[in-house]
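Colleague: A single structure is presented below for examination.
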Amino acid sequence: MIHFKSYRIKDKKIKHIYFIINICTLMCMVVLILCNLFLMNFPQWIVWYVGALSVIQNILYQLLFKTKWITKIILPVIFTIIAVFASLFVYCFPYWNSSSFKILERTPLNYNDTISYKQAANDLETAMYYLEKTHPMFQDGLSAIIEERYANALRRLEQRQNITVNDLRREIQIVINPIHDAHTTTYSNFPRNKYLKDAYQKSEEGYAFYSLNGYTSSEIIEAAKPYYSYESENWISVNYVYFAPYTFEWKDTNGNIVIQTYTLDDFVSLEEYEEFIKSYSESPDEDEEETPFVYYEINEEKSVAILTLTQCKYNGEYRNCVKKMFQEVKAKNIKNVAVDVRGNGGGDSTVANEFIKYLSVDRFKDCPGDWRWGFFVISDNGYRKNRPYKNLLFEGNVYVLTNRKSFSAAMDFAQIIQDNRLGKVVGESPANDANGYGEIVVFSLPHTGISMQISTKKWYRIDTDNVDNYVIPDYPCSGNEVLSKLYSII
């Protein structure tokens with residue numbers, strides 16, 4: 001039998017108080033994790049320190065107070081397990097020190113602000129740390145090509161006499177370009193962003209951007225490729241406020257070209273730009289009405305209902321809109337339903353799962369994936385049990401309308417419908433790989449405030465027999481011809 005004689009304090013009140021303090025120290029680890037997720041950033045070692053303190057406190061508790069022998073064994077084991085689990089959680093948790101669920105009260109530097117080499121190198125090192133810690137591709141460490149590009153980026157930055165925030169961002173983009181992951185990228189620092197106030201008016205007059213300073217849009221995109229995170233070239237777009245001076249060529253559908261030169265005074269703030277659009281497009285007495293992210297229209301003559309989804313938001317507004325549409329579809333005996341995700345940049349992929357509840361199917365397969373948590377991987381085979389709304393089941397034809405700017409969860413919507421043989425896709429191939437990455441976490445680099453998002457999941461094609469990396473439409477056509485193509489099909 002084991003005997004413990006090393007206690008010194010016999011006051012039970014002090015013993016109970018000490019034990020409560022010990023419990024509070026242990027619970028503090030959980031509070032710190034929640035604070036980091038929603039309120040503020042701080043180093044991981046703070047949580048590890050609190051965990052170690054909790055274990056030490058418990059050891060002292062065993063030495064200072066008389067306890068039963070079973071308590072002297074079980075209690076330290078329990079405290080140690082909890083502290084080790086919380087410490088591992090903090091190390092593996094992909095959202096640690098992220099800005100994914102909190103707003104950091106700091107103003108990022110502007111894109112043309114100057115920084116020191118030391119600041120640039122530290123931000124680049126931080127970016128590589130997050131990339132290696134979080135991205136599924138680098139669970140075994142950064143690849144040789146990324147390491148090489150990282151070293152070359154440091155050398156180029158060190159050789160520059162002046163380093164701007166945008167110089168650093170370009171170097172980060174060069175490093176991560178070979179990943180070919182459109183979800184892993186950085187964003188321009190434009191706290192004082194400017195917008196060309198003439199752009200909306202030219203669009204209303206039937207003109208589209210053709211060239212800037214003698215470079216056509218295709219030439220600009222070609223030059224941007226080494227600095228862009230993309231899977232399909234369809235996703236590449238360029239913010240032309242970088243260029244100066246500003247000589248634009250606008251081209252209409254008849255091939256007519258208008259040349260116009262702009263100064264910095266022609267670029268205004270977002271608020272001024274929105275006011276300019278409002279004054280141009282509306283009469284003074286007309287009330288502004290915000291277009292919802294989800295709405296539907298029914299064409300009884302064509303027997304088609306079209307649900308337009310500009311963002312993949314899964315909320316009450318979305319659920320109510322879809323329900324109302326299918327109620328009207330049933331009442332009017334509509335034979336075709338289409339979901340328009342053209343220009344939809346993604347969001348929550350469960351919008352497709354909700355839509356499928358109105359279809360007569362018991363089971364379906366969502367996008368399978370591996371979710372990286374440090375050195376752990378959480379796998380999901382994608383199989384889902386459908387919970388249909390049996391009083392509103394739709395038995396007709398289903399279509400998903402796509403274009404080159406349908407991305408992420410919008411692509412998932414098309415893939416889920418196509419690969420589960422639930423309907424057809426009309427339009428252009430969406431902009432990202434079905435065997436790509438996603439489920440982003442967002443970080444803010446310490447010195448410049450550059451926002452960097454990194455994928456945490458590796459996705460796989462639903463239909464394993466389909467060798468296409470991209471969703472290939474069943475009825476291909478250009479994005480602006482999708483509706484006419486749909487009407488010709490039905």
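Colleague: Give me the angle, in degrees from 0 to 90, between the Cα long axis of helix 117-134 and the longest principal axis of the Cα atoms of the chain, rounded to the nearest 10.
Modeller: Helix 117-134 sits at roughly 80 degrees to that axis.
Colleague: Separate question: Suppose R0 equals 35 Å. What FRET efficiency, 1/(1 + (r/R0)^6) with r the Cβ-Cβ distance, do ASP474 and ALA331 give to the nearest 0.05?
Modeller: 0.75
Colleague: May I ask you to compute the full-extension gain from ILE14 to ILE145, defined as 0.36 nm times their residue separation minus their alpha-carbon distance, rounded to one decimal in nm?
Modeller: The span from ILE14 to ILE145 would gain 41.1 nm if fully extended.
Colleague: Starting from 0.36 nm per residue, how many nanometres of slack lie between TYR187 and PHE89 once their C-alpha separation is accounted for?
Modeller: Answer, rounded to one decimal: 32.4 nm.
Colleague: Working from the pairwise distances between different alpha carbons, so that the mean of 1/r is found and then inverted, what is the chain's Kirkwood radius in Å?
Modeller: In the chain this quantity evaluates to 26.6 Å.
Colleague: For region 399-416, in order, what is each residue's ³J(HN,Hα) by Karplus, 6.51 cos²θ - 1.76 cosθ + 1.60 with θ = phi - 60°, in whole Hz (x at glycine and Pro)?
Modeller: Per-residue couplings from phi come out as 9, 10, 9, 10, 9, 5, 9, 7, 9, 6, 4, 5, 5, 4, 4, 5, 5, 4 Hz.
Colleague: Any idea what the dipole of region 1-145 comes to, in debye rounded to 20, about its Cα centre with Lys/Arg Cβ at +1 and Asp/Glu Cβ at -1?
Modeller: Dipole magnitude for region 1-145 comes out near 1380 debye.
Colleague: Something else about it: Report the equivalent ellipsoid semi-axes for region 19-132 in whole Å, largest first, defined as the square roots of five times the eigenvalues of the gyration tensor built from alpha carbon atoms.
Modeller: 39, 13, 12
Colleague: Based on the Cα gyration tensor of region 373-434, what are the three equivalent ellipsoid semi-axes, each the root of five times an eigenvalue, rounded to whole Å and given largest first?
Modeller: Semi-axes, largest first: 25, 21, 8 Å.
Colleague: Could you report region 342-409's accessible area per residue, 1.4 Å probe, as an integer in Å²?
Modeller: 47
Colleague: May I pose another question? Below 9 angstrom from the Cβ of LEU307, what's the summed charge of the other residues (Lys, Arg +1; Asp, Glu -1)?
Modeller: -2
Colleague: Using the crude model of +1 on Lys and Arg Cβ and -1 on Asp and Glu Cβ, and no other charge, please compute the dipole size for the chain relative to its Cα centre, in debye to 20.
Modeller: So the dipole magnitude of the chain works out to roughly 3740 debye.
Colleague: Which one of GLN260, LEU309, ILE70 is farthest out on the positive end of the charge dipole of the chain, using unit charges on Cβ (Lys, Arg +1; Asp, Glu -1) and the Cα centre as origin?
Modeller: ILE70
Colleague: At 0.36 nm per residue, and after removing the present C-alpha to C-alpha distance, how many nm does the segment from GLU481 to ASP465 gain when stretched out fully?
Modeller: Details: separation 16, 0.36 × 16 = 5.76 nm, distance 2.98 nm.
Contour length minus the Cα-Cα distance gives 2.8 nm.
Colleague: Beyond 27 Å between alpha-carbons counts as too far, so tell me which of LYS102/LYS225; LYS102/LYS385; LYS102/LYS458; LYS102/LYS202 fall in that bin.
Modeller: LYS102/LYS225; LYS102/LYS385; LYS102/LYS202
Colleague: Pick out, in residue order, every one of the chymotrypsin sites (Phe, Trp or Tyr not before Pro) in region 93-131 that is DSSP loop and has at most 12 other C-beta atoms within 10 Å; say none if there are none.
Modeller: Filter output for region 93-131: PHE101.
Colleague: Using the Karplus curve 6.51 cos²θ - 1.76 cosθ + 1.60 with θ = phi - 60°, work out ³J(HN,Hα) for each residue of region 419-432 in order, rounded to whole Hz, and write x for Gly and Pro.
Modeller: Result, rounded to whole Hz: 6, 8, 6, 9, x, 10, 10, 10, x, 10, 5, x, 8, 10.
Colleague: Which of the three applies to region 160-212, rounded, prolate or oblate, going by the alpha-carbon gyration tensor with a ≥ b ≥ c and a/c under 1.5 meaning rounded?
Modeller: prolate
Colleague: To the nearest 20 debye, what is the magnitude of the charge dipole of region 113-215 about its Cα centre, counting +1 on the Cβ of each Lys and Arg and -1 on the Cβ of each Asp and Glu?
Modeller: Values: 12 positive and 14 negative charges, 71 e Å.
For region 113-215, the charge dipole is close to 340 debye.
Colleague: Please report the spacing between the Cα centers of region 126-195 and region 316-372 in Å, no decimals.
Modeller: 37
Colleague: Continuing with the same structure: Do any GluC sites (Glu not before Pro) in region 83-173 lie in a loop, going by DSSP, with at most 11 other beta-carbon atoms within 10 Å of their beta carbon, and if so which?
Modeller: Sites meeting the loop and neighbour criteria: GLU105.
Colleague: Could you tell me which of ILE334, ALA52, TRP96 has its Cα farthest along the dipole of the chain towards the positive end, charges placed at Cβ (Lys, Arg +1; Asp, Glu -1), taken about the Cα centre?
Modeller: The Cα lying farthest towards the positive end belongs to ALA52.
Colleague: Out of the trypsin sites (Lys or Arg not before Pro) in region 388-490, which ones are loop residues according to DSSP with at most 14 other C-beta atoms within 10 Å?
Modeller: Filter output for region 388-490: ARG421.
The values are calculated or read from the model by the stated rules, or taken from the named source; none is laboratory data. Remember, predicted model here, so these are calculated numbers, not experimental data. Methodologically, a virtual Cβ is constructed for each residue, glycine included, from the backbone with ideal geometry; neighbour enumeration extends over all protein chains shown. Heads up: the accessible areas ignore ligands, DNA and RNA and are worked out on the full protein's heavy atoms, side chains in. Shrake-Rupley method; radii C 1.70, N 1.55, O 1.52, S 1.80 Å.
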